[in-house]
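This report concerns only the one structure given below.
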Amino acid sequence: MSGPSLAIFGAASAIAEQVARRFAAKSARLFLVARDPARLERIAADLRLRGAASIATHAADLDDPMALAPMLEAMETAIGVPDIVLLAFGTLGDQSAIVRDVEATRRSLTTNFLSPACLLTALAGRMESAGRGLIVVLTSVAGERGRASNYVYGAAKGGLSTFLEGLRHRLASTGVRVLDVRPGPVATPMTAGLGLSGPLLAAPGRVAADIERAIEKRRSVLYTPWFWRWIMLVIRALPEPIFHRMRL
Ligand SMILES: NC(=O)c1ccc[n+]([C@@H]2O[C@H](COP(=O)([O-])OP(=O)(O)OC[C@H]3O[C@@H](n4cnc5c(N)ncnc54)[C@H](OP(=O)(O)O)[C@@H]3O)[C@@H](O)[C@H]2O)c1
């Protein structure tokens, strides 16, 4: 017997891969989207060995609006309307360069806000018609207060959280649920060049375990690891004169 159906957009993400492993072990039917077809096939082969009931892959650049319709058609052919969708694509980029580069700002806002928002609109319509499903999106604690080191990325993620809040409100009387996952820093390729270390840097496996638990507990917003809820409460409460003296 097969488990739930799961569509992952940004399946090459280190966090998404860990989530996919957990669902493969539950005999899930998977539909995986990423840019690099060879990488997708490697990930799919690994997930097959881990117990996935079926896997379909689709190579696409998620910033390409023309890729949307064929991608969703491929999804419906493979698994129908999924029980769960996970959006895990994003780019941090070199924020010190992005803040001075109009095109780089546009690219960051496109990948981190515009593309997920458009994809969610298309997915939510299908799930609303089906009257069921769960939408899981990786946003970030960076979206909770704009700061010098990453406010372009943070603004996109904050906008995405607001989008998800509204989507959850719109779908509240349907069978469709929305989970906003807000990780702190995670040790993945996205943060590899930043020289981060220490107890505030989470492993992607830890974040995936938190996501699985939040899905089971039907949560709406997840801070992962848990202590980021309280760290961000303090950071949001800091008065600007104090905040401006901090290098964040
Ligand atoms: N790592 C952190 O500290 C952290 C913290 C908070 C939130 N997040 C969020 O968590 C999510 C997963 O990130 P991660 O940490 O797992 O980093 P990651 O391993 O670098 O994954 C990011 C993925 O996004 C994909 N991607 C970017 N632009 C794309 C596009 N236009 N089309 C298709 N795929 C695209 C990348 O594909 P390629 O491999 O082809 O480049 C990459 O596989 C992201 O949304 C990120 O913003 C991460």
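A few notes on this one:
- Test: residue in segment 98-106 that is farther than 26 Å from A192 by Cβ, away from the ligand (no atom under 13 Å from the Cβ) and assigned to a helix (DSSP H, G or I): yes
- For segment 119-137, the condition of being part of a helix (DSSP H, G or I) and within 14 Å of the ligand (Cβ to nearest atom) holds for at least one residue.
- Spans of helices (runs of 4 or more DSSP H) in segment 165-248 with at least 3 residues touching a strand residue (DSSP E or B) at 6+ places or on another chain (Cβ under 9 Å) and either at pLDDT 95 or above or basic (K, R) (or both): 204-216, 228-237
- Output for segment 101-149, where each listed residue is farther than 27 Å from R177 by Cβ, among the β-branched types (V, I, T) and surrounded by fewer than 16 Cβ atoms within 10 Å (Cβ to Cβ): V102
- Filter pass, A214 being within 15 Å of the chain's Cα centre (by Cα) and within 13 Å of the ligand (Cβ to nearest atom): no
- Within segment 59-89, being of a type in the set (D, E), within 16 Å of the ligand (Cβ to nearest atom) and over 21 Å from E41 (Cβ atoms) holds for one residue alone: D63.
- Residues satisfying the stated conditions in segment 1-41, i.e. closer than 22 Å to A187 by Cα and of a type in the set (S, T, N, Q): S13, Q18
- Among residues of segment 4-53, those that are over 18 Å from A214 (Cβ atoms) and without any contact (Cβ under 8 Å) to a residue 60 or more places away in the chain, counted: 28
- Pairs with Cβ under 6 Å, 6+ apart, first in segment 171-190 and within 16 Å of the ligand (Cβ to nearest atom), second among the aromatic types (F, W, Y) and part of a loop (DSSP other than H, G, I, E, B): none
- Residue list for segment 93-128, restricted to those being among the hydroxyl-bearing types (S, T, Y) and modelled with pLDDT under 95: S96
- When residues of segment 5-37 are limited to those that are part of a loop (DSSP other than H, G, I, E, B) and within 13 Å of the ligand (Cβ to nearest atom), the one farthest from the chain's Cα centre (by Cα): D36
The values are calculated or read from the model by the stated rules, or taken from the named source; none is laboratory data. Just so it is clear, the structure is predicted and the values come from calculations on it, not from any experiment. Glycine gets a Cβ as well: all are built from the backbone with ideal geometry, and neighbour counts include every protein chain shown.
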